[in-house]
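This report concerns only the one structure given below.
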Amino acid sequence: MAFYAIALGSCTENKQHDIIECFYPQPIMAPNAEWVGQLQSVLSMGPTASVTRVPLKHLETVADLFESADYDMTAQFARLSIEGETELVLTLLEQDIAPDSVPAAYLKLHLLSHRLVKPHSTNIDGIFGVLRNIAWTNLGPIDMPELPEWQMATRARGQTLQVFSVDKFPKMVDYVVPSGIRIADSSRVRLGAYLGEGTTIMHEGFVNFNAGTEAASMVEGRITAGVFVHKGSDIGGGASIMGTLSGGGKTVISVGESCLVGANAGIGISLGDRCIVEAGLYITAGTKVSVVDPDTGNHSVMKAAALSGLSDLLFIRNSLTGAVECRANKTAVSLNAILHQND
Amino acid sequence: MAFYAIALGSCTENKQHDIIECFYPQPIMAPNAEWVGQLQSVLSMGPTASVTRVPLKHLETVADLFESADYDMTAQFARLSIEGETELVLTLLEQDIAPDSVPAAYLKLHLLSHRLVKPHSTNIDGIFGVLRNIAWTNLGPIDMPELPEWQMATRARGQTLQVFSVDKFPKMVDYVVPSGIRIADSSRVRLGAYLGEGTTIMHEGFVNFNAGTEAASMVEGRITAGVFVHKGSDIGGGASIMGTLSGGGKTVISVGESCLVGANAGIGISLGDRCIVEAGLYITAGTKVSVVDPDTGNHSVMKAAALSGLSDLLFIRNSLTGAVECRANKTAVSLNAILHQND
Amino acid sequence: MAFYAIALGSCTENKQHDIIECFYPQPIMAPNAEWVGQLQSVLSMGPTASVTRVPLKHLETVADLFESADYDMTAQFARLSIEGETELVLTLLEQDIAPDSVPAAYLKLHLLSHRLVKPHSTNIDGIFGVLRNIAWTNLGPIDMPELPEWQMATRARGQTLQVFSVDKFPKMVDYVVPSGIRIADSSRVRLGAYLGEGTTIMHEGFVNFNAGTEAASMVEGRITAGVFVHKGSDIGGGASIMGTLSGGGKTVISVGESCLVGANAGIGISLGDRCIVEAGLYITAGTKVSVVDPDTGNHSVMKAAALSGLSDLLFIRNSLTGAVECRANKTAVSLNAILHQND
């Protein structure tokens, strides 16, 4: 029998002992079935159990088992938790099915942000229904119904409760910081984002869950849920990317390699490789574009949707006629390493 | 005699014992005059006192009085404050006049964010002159003149003082989290915002004080001071709404029901119901618009100000001619519940 | 012998005892050479030493020396650090050369944010190579390689580690809060920004290092690295300013006095004084502009780069023809004090 993923984590509970969020230091894909069987045996897990609380008394054995399989980080975490007297949770996903619990949903989001799965390649159907709306505070995650009491209790001690976000998704970096990235304002990248090595998210950048960048990328605009940006592409300051083909339903938008979406620009279509959208220009699927034939110079009009996904295009608005034009892009965008270092 | 509002709260003082901010767990509109009289008597308040410090020794009696009027949350807060040895402040507003103290100003802002009054329906004239510029830090609110000393003292202990904001207005959710909302980055909603049930403020959304949403709404753009957005309208990512009619002085802008202001779009006029402004298009009051007669197809030119507040309009920039056009909007925007759940 | 700058500060080290960031309460320009000599003597500094650790046993003597030169704030900080048992670091820059260490780089950034030097007037060449990528957390700055361990240790105690930013630059206000400013969301202003007295940075505003405002200014858009905005100019909500002349390499962009860059607008050229760029219009250096002769009304076409830095210009996109036009701006922008107070 094969398994999809497993992880040992620390979870926060509300007063009703519902788990409201989970942190897994080391999510594991495709764990060995026999080894999983040992864990199941130690913890007396039923065959279908996906979320199992691990009491302190079993943590040492569990740590040994993780260490035996070279999952040293989890072993270390288990031992630290013994010292800290914190019970843990073992989450086992037998198959890649829609998450049906908070621990399962958080594990899926961890898989994405740990770069173990790419956007759209793990099943997160219905995740909004599973996740709870949480107040993310300086005192940790608080279930919404309990927030007023926390606020009063804190104030009554002469202190303040600081609420950074009220949302179903936490910010990624409180759970995962993948290698080789910078995120200037971490509140703008949700857990479940996939950030490739070499990605910089500037203050105005944003990345939703199940979306992200393949590799080196300078992101100063908004990468909406579902959107994937391939290596060497820059998303300019304040640029907007629609989640799905505008007006077109479910076609998810992607940006190819070495593209530049200019500052304050926007796209409602996919881009192939080496495309440029001029600063300040918004192309939706329905935008009528005057396409310039590179050989004859003749213009023909078509909807931008017809150009979706094509490479080597330059989109501008002719500043004398106001017409949106598409030309062949002679200049490949080469990411200037120094420029990136200086942003 | 009738009263406008009352609340029992916890306040922060600077070194000169000036109150610099206040938290009220349960602001109360139109309290019963006789009951207020009992409070005034217990606390020996003069007839015109609007802000009264409540010493610990009176808190039990005050808690009982609030409980007797079924203000259980305040009673609970008073009792927690006895335990925490935190003195409280009673703020009584006899009439809806311009706030003349920090506690009065904060009470007005609480009334808005608790949805007890709508934007523009309570007098906050001159509130900027009353509020102090505060450093909002991980150690709580600090009066600006004292900040350097705090910074040095914290560092000298080998710790760090973290300043999240230097502003007259705090973020709303440190004081009030109304029901049925989400705010992905809470630093972008000021106390005094009015967020209707079902409102989601995404990371790029923003709501100023005395502004907000009536009901369900997806806000990914900026709702400037004074602006009110009616139910079922969406403000797209990075969209801008001017606070007053652009170039037109004091006319406050509003957005009707079921409108869509596209991503990176902007408006300097009001919208009626079921209007759409195309992504990337900025309409100011002075924008000359080519209005298309739905019957004849003829175009007539008028300033956008003349269209302010009208319903069922679609604003686009013709991508072939560059002209800004206004057409009748055949498609009512129906908020897609699933879409909202997934942002 | 003259010296460029000196400061006594508190630094964070990683596990290898590398300094990863420094806070200086009072950076000092051009200190007296004889006085510096006394410090060097007390601390047995070599003649070329630029960064010297100051052990606790010397702090009292060092405090006396700073006090003798009327640097009272530093003296106070040294004495607080004795109490707090925190060792300090003395950073001495003999000349204005490129920073070659973390303490030197942080001192340069402090000089800018303390308004002791203006953008472009201190040498920060190669600062990206010197600064380390840091996790800025609720527990203070953490060197990236140590972050996973901190995350696990915190969670194992049942607490949460909150990471606000993963970046080479910290936010300014954790180090310096210059007088007469407001910053609604402080995560958007980097250390090394220069904010003139009277500057307000609203939630959507942003200021990078080595960039900023000369004096009173309302900033709701993005001031990119290197850009300087002169007094009385407003940068509208979501407005974008390119760091260098777009397509033009190294020419740094500036904005003159009393300009208005409209909401969601953008510029890739410099503006002189009293210029206006209409909301939503992006002018790059290559934008072909139809310039209207104020005498004859005739239009002539030129690239925007040719207009860079000129005064009294109004840039709009003609909403009937779609052409970008430049006219003489008859209306000087007078910053409305009340408007500013209300943002």
(message) Could you tell me the calculated FRET efficiency between A:Asp125 and C:Met73, based on Cβ-Cβ distance and R0 = 51 angstrom, to the nearest 0.05?
(response) 0.30
(message) Averaging the inverse of every distinct alpha carbon separation and then flipping it gives the Kirkwood radius. What is it for the stretch C:165-308, in angstrom units?
(response) 15.4
(message) Ordered shortest first, which distances in nm separate the 7 Å Cα→C-beta label point of C:Ser121 from those of the other copies?
(response) 5.4, 5.4
(request) For the stretch A:184-298, give the magnitude of the charge dipole about the Cα centre (Cβ charges: +1 Lys/Arg, -1 Asp/Glu; no others), in debye to the nearest 20. (result) 440
(request) Just give the residues from the stretch C:140-168 buried by at least 50 square angstrom of accessible area in the all-chains context relative to the isolated chain, probe 1.4 Å, and say none if nothing qualifies. (result) C:Gln151, C:Met152, C:Arg155, C:Ala156, C:Gln162, C:Val163, C:Phe164, C:Val166
(request) Take every DSSP beta bridge with both residues inside chain A and express the antiparallel ones as a percent of the total, to the nearest 5. (result) 50
(request) Could you calculate the contour length gain from C:Lys250 to C:Asn14, that is, 0.36 nm times the residue separation minus the distance between their Cα atoms, to one decimal place in nm? (result) 81.4 nm
(message) Given a Förster distance of 35 Å, report the FRET efficiency between C:Leu116 and C:Asp293 from their Cβ-Cβ distance, rounded to the nearest 0.05.
(response) 0.15
(request) Using only the Cα atoms, work out Rg/Rh for the stretch B:8-69, with Rh taken as the Kirkwood radius, to two decimals. (result) 0.96
(request) Could you check what % of the DSSP bridge pairs in the protein assembly as shown are antiparallel, to the nearest 5? (result) 55
(request) At 0.36 nm per residue, minus the direct Cα-Cα distance, what do C:Ala306 and C:Glu94 gain on full extension? Give it in nm, one decimal, please. (result) 72.2 nm
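Kirkwood Rh, the stretch C:245-326, all Cα pairs: how many Å?
12.6
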(request) Give the peptides A:30-41, C:140-151, B:228-239 in descending order of average Cβ contacts within 10 Å, highest first. (result) B:228-239, C:140-151, A:30-41
(message) If I take the rotation axis that carries chain C onto chain B, which residue of chain C has the nearest beta-carbon, and at how many angstrom?
(response) C:Gly322, 1
(request) Answer rounded, prolate or oblate for the stretch C:153-242, using the Cα gyration tensor with square roots of eigenvalues a ≥ b ≥ c: rounded when a/c is under 1.5, else prolate when a/b is larger than b/c, else oblate. (result) prolate
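Could you tell me what a quarter of the Cα convex hull surface of the protein assembly as shown works out to, in nm² with one decimal place?
The number I arrive at for the protein assembly as shown is 44.7 nm².
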(request) List the lysines whose Cα lies under 24 Å from the Cα of C:Lys168, skipping any in the same chain that are fewer than 8 positions away. (result) A:Lys171, A:Lys231, C:Lys15, C:Lys108, C:Lys118, C:Lys250
(request) With no solvent and one equal point scatterer placed on each C-alpha of the stretch A:126-205, evaluate the Debye formula and give log10 I(q)/I(0) for q = 0.13, 0.22, 0.23 Å⁻¹, two decimals. (result) -0.51, -1.00, -1.04
(message) Compute for the stretch A:97-160: radius of gyration divided by Kirkwood radius, i.e. Rg/Rh, restricted to C-alpha atoms, rounded to two decimals.
(response) 1.16
(message) Of A:Thr199, A:Val89, C:Thr12, which is farthest towards the positive pole of the protein assembly as shown's charge dipole, taken about the Cα centre with +1 and -1 on the beta-carbons of Lys, Arg and Asp, Glu respectively?
(response) A:Thr199
(message) Placing the label point 7 Å from Cα along the Cα-to-Cβ direction, what are the distances from B:Gln40 to the equivalent spots in the other copies, shortest first, in nm to one decimal?
(response) 7.4, 7.4
(request) Leaving out ligands and nucleic acids, note down the accessible area per residue over the protein assembly as shown with a 1.4 angstrom probe, in whole Å². (result) 35
(message) Looking at chain C, I'd like the Rg to Rh ratio, where Rg is from alpha-carbon atoms and Rh is Kirkwood's inverse mean 1/r.
(response) 1.06
(request) Using 0.36 nm per residue of separation minus the Cα-Cα distance, give me the extension gain between C:Ser179 and C:Glu85 in nm, one decimal. (result) 30.9 nm
(request) Every other copy gets compared here: list the nm distances from the C:Glu67 label point (7 Å along Cα to Cβ) to its counterparts, shortest first, one decimal. (result) 5.4, 5.4
(request) Would you mind telling me the antiparallel percentage of the DSSP bridges in the stretch A:260-335, rounded to 5? (result) 55
(request) Would you calculate the volume per residue, in Å³, of the smallest convex hull containing every Cα atom of the stretch A:211-267? (result) 58
(request) Return the calculated 222 nm mean residue ellipticity for chain A, to the nearest 500 deg cm²/dmol, obtained by summing -39500 (n - 2.57) across DSSP H runs with n ≥ 4 and dividing by the residue count. (result) -5500 deg cm²/dmol
(message) What does the charge count around A:Ile20 come to, taking other residues whose C-beta lies under 13 Å from its C-beta (Lys +1, Arg +1, Asp -1, Glu -1)?
(response) -3
(request) Roll a 1.4 angstrom probe over the protein heavy atoms and tell me the percent of accessible area of chain A that is carbon or sulfur. (result) 51
(message) For a quick check: with amide H placed at 1.01 Å from N, whose amide H comes under 5 Å from A:Ile134's, ignoring anything fewer than 5 positions away on the same chain?
(response) A:Asp167, A:Lys168
(message) I'd like the FRET efficiency for A:Gln38 and C:Arg132, computed as 1/(1 + (r/R0)^6) with the beta carbon distance as r and R0 of 56 Å, rounded to 0.05.
(response) 0.85
(request) Extending each Cα 7 Å along its Cβ direction at A:Arg53 and B:Leu56, get the distance between those two points in nm, one decimal. (result) 3.7
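Need one word for the stretch B:25-123: rounded, prolate or oblate. Basis is the Cα gyration tensor (sqrt eigenvalues a ≥ b ≥ c); a/c below 1.5 gives rounded, then a/b vs b/c decides.
prolate
The values are calculated or read from the model by the stated rules, or taken from the named source; none is laboratory data. Fair warning: this is a prediction, and the values are worked out from it, not measured in the lab. Note that we place each Cβ from the backbone using ideal geometry, even for glycine, and neighbour counts take in every protein chain shown. To get the accessible areas, we keep the full protein, side chains included, count just its heavy atoms, and leave off ligands, DNA and RNA. Shrake-Rupley method; radii C 1.70, N 1.55, O 1.52, S 1.80 Å.
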